[in-house]
Amino acid sequence: MRSYDLIYKKRQGEKLSREEISFFIRGYVEGRIPDYQASAFLMAAFLKGLDDEETYYLTMEMLASGDSLDLGDLEGICVDKHSTGGVGDKTTLTLAPLLASLGLKVAKMSGRGLGHTGGTIDKLEAIPGFRTELSEEEFKGQVNRIGLSLISQTKNLVPADKLLYSLRDVTATVDHPSLIASSIMSKKLAAGSDYILLDVKVGSGAFLKTLDEAIHLARIMVSIGEMAGKKTRALITSMDQPLGYMVGNSLEIQEAMGILGDGGAEDLRELTLALAAQLLLMTGKSTDYKDAYKEAEAQINNGLALESFFEMVEAQGGKIKDMAVASFQEVIFVEEDCYLAGFDTQMVGEAAALLGAGRQTMEDEIDLTAGIYLPHKIGDKLSKGELLARLYTSRPGVFDDARKRLLEALSFSKDQPQKVELIRALVYKEGEEIKEVLWS
Ligand code: URA
């Protein structure tokens, strides 16, 4: 077999066999196939597509490139959730403790933020002392003891994805459904849970901008998960505006505690409860969506979910009371009476990154105190002089660019625009079929 022939075959739009895909992944990971051939292969796959079988083989070959976690020795039902990435998405921080308080086990590996999107590990590192690297024994021991642990991805978790993702990032081949699906699902399968719930983001802050594209991606991922023997579902949810009110690492930790405590942003609370309810249904702990939702809500109202959050922080060495606050703040006020008409959510993420909350390359340092408070949602009436946004940073000289980018991201209107639907669709397997239901 020659790499050239494989690239040529895909360029002609022909289907690749499992052996051919295996040859490519192994050859690339083991250094026999150079970056320029791998790039050509990725572009051919991007332009000609991979069918469901090829995408499944690609996922399984990527999975085989590294270590998988065996969670079989944990007591109870292990569940996992994955968001395709967004702005202000701190749902893992609210959902994982909620699930643990409901008796499910969450042994979860998370990633860091890149570009305009945030990552759970950066958020957790805003808590001084919080250890995101635990040995497998510590990790599993903690999950058995308190029901949850959140750690960073181990070094040998799907090395093929680390290599391919870096290459996709610089060859304009990130936003292809089969490539995204194989990247995400190889990591989810390696992480070992039997139940996988995907939160596929759609809208101006997501990789995929239309509902049809997001449903297409969700169907591929659900199909891969189910073919690999894992119960898998996907909710398609809006990223047409930031989730919650806060964007930025320590700000999002504070906001997550608020949701589990005495209230907070309605959208973040609703998404947390909807995801929890889906997992209660998937695991058979509940048979009715409304009952499951209420059961989850009760665990927030009675304080047990927040207690789980604090237990995890303490078990991993974090000290919430020592969290740093930003040295500088700047406020932006509404200039005239109007409605908030829209966000370019990606640009909001970029504005937060300009304040120091995000990185452009994995090597960049971030300012964990930096971020933005945005108290309004699309459709809200705004009055002249009220608070539009508050910017936070500990870096001098960054406000001007960040303010400019944020203001470019916001649009206003005289007439009231429609509110955004948060949950758009559910994708799941029934019998032999992958089905979708639109939410409203
Ligand atoms: N997240 C991933 O892990 N991989 C992708 O390709 C896109 C989003």
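The values are calculated or read from the model by the stated rules, or taken from the named source; none is laboratory data. Only a predicted model underlies this, so the values are computations on that prediction, with no experimental measurement involved. Positions of Cβ are generated from backbone atoms using ideal geometry, with glycine treated the same way; all protein chains shown enter the neighbour counts. Protein only, heavy atoms only, side chains kept; ligands, DNA and RNA dropped before computing areas. Shrake-Rupley method; radii C 1.70, N 1.55, O 1.52, S 1.80 Å.
Just checking, does segment 346-366 include any residue being out of contact with any Asp or Glu (no Cβ under 9 Å at 6 or more places or on another chain), assigned to a helix (DSSP H, G or I), free of Cβ contacts under 8 Å to residues at least 12 places away in the same chain and surrounded by fewer than 22 Cβ atoms within 10 Å (Cβ to Cβ)?
There is no residue in segment 346-366 that is out of contact with any Asp or Glu (no Cβ under 9 Å at 6 or more places or on another chain), assigned to a helix (DSSP H, G or I), free of Cβ contacts under 8 Å to residues at least 12 places away in the same chain and surrounded by fewer than 22 Cβ atoms within 10 Å (Cβ to Cβ).
Scanning for something more than 16 Å from MET312 (Cβ to Cβ) and polar (S, T, N, Q), does segment 101-111 turn up at least one residue?
No, segment 101-111 has no match at all.
Pick from ILE215, ILE224: which is farther than 23 Å from GLU421 by Cα and of a type in the set (Val, Ile, Thr)?
Unique residue meeting the criteria: ILE224.
Hey, can you tell me all the residues within segment 215-238 that are in contact with a Lys or Arg (Cβ under 7 Å, 6 or more places away or on another chain) and among the aliphatic types (A, V, I, L, M)?
VAL222, ILE236
State the number of residues belonging to segment 111-133 that are within 16 Å of the ligand (Cβ to nearest atom) and assigned to a loop (DSSP other than H, G, I, E, B).
Residues that pass the stated criteria total 7.
So is GLY385 small (Gly, Ala, Ser), open to solvent by 30 Å² or more (accessible area, probe 1.4 Å) and touching a strand residue (DSSP E or B) at 6+ places or on another chain (Cβ under 7 Å) or not?
yes
Does LYS9 fit the bill of being farther than 30 Å from GLY103 by Cα and in contact with a Gly (Cβ under 7 Å, 6 or more places away or on another chain)?
no
For ALA296, all conditions in the list (1) assigned by TED's automatic domain parsing to the domain that holds LEU104; (2) in contact with an Asp or Glu (Cβ under 9 Å, 6 or more places away or on another chain) hold save one; what is the number of the exception?
So the condition that ALA296 fails would be (2).
Anything in segment 165-199 that is acidic (Asp, Glu) and either more than 25 Å from THR210 (Cα to Cα) or open to solvent by less than 10 Å² (accessible area, probe 1.4 Å) (or both)? List them, or say none.
Answer for segment 165-199, where residues must be acidic (Asp, Glu) and either more than 25 Å from THR210 (Cα to Cα) or open to solvent by less than 10 Å² (accessible area, probe 1.4 Å) (or both): ASP194, ASP199.
For segment 143-158, check the following and say yes or no: at least one residue is over 13 Å from MET312 (Cβ atoms), open to solvent by less than 10 Å² (accessible area, probe 1.4 Å) and in contact with a Phe, Trp or Tyr (Cβ under 9 Å, 6 or more places away or on another chain).
no
Across segment 76-91, what is the number of residues that are within 14 Å of the ligand (Cβ to nearest atom), more than 11 Å from LEU197 (Cβ to Cβ) and open to solvent by 10 Å² or more (accessible area, probe 1.4 Å)?
Count: 3.
Among helices (runs of 4 or more DSSP H) lying entirely in segment 166-268, which contain 2 or more residues that are within 12 Å of the ligand (Cβ to nearest atom)?
Counting at least 2 such residues, we get 177-190, 211-227.
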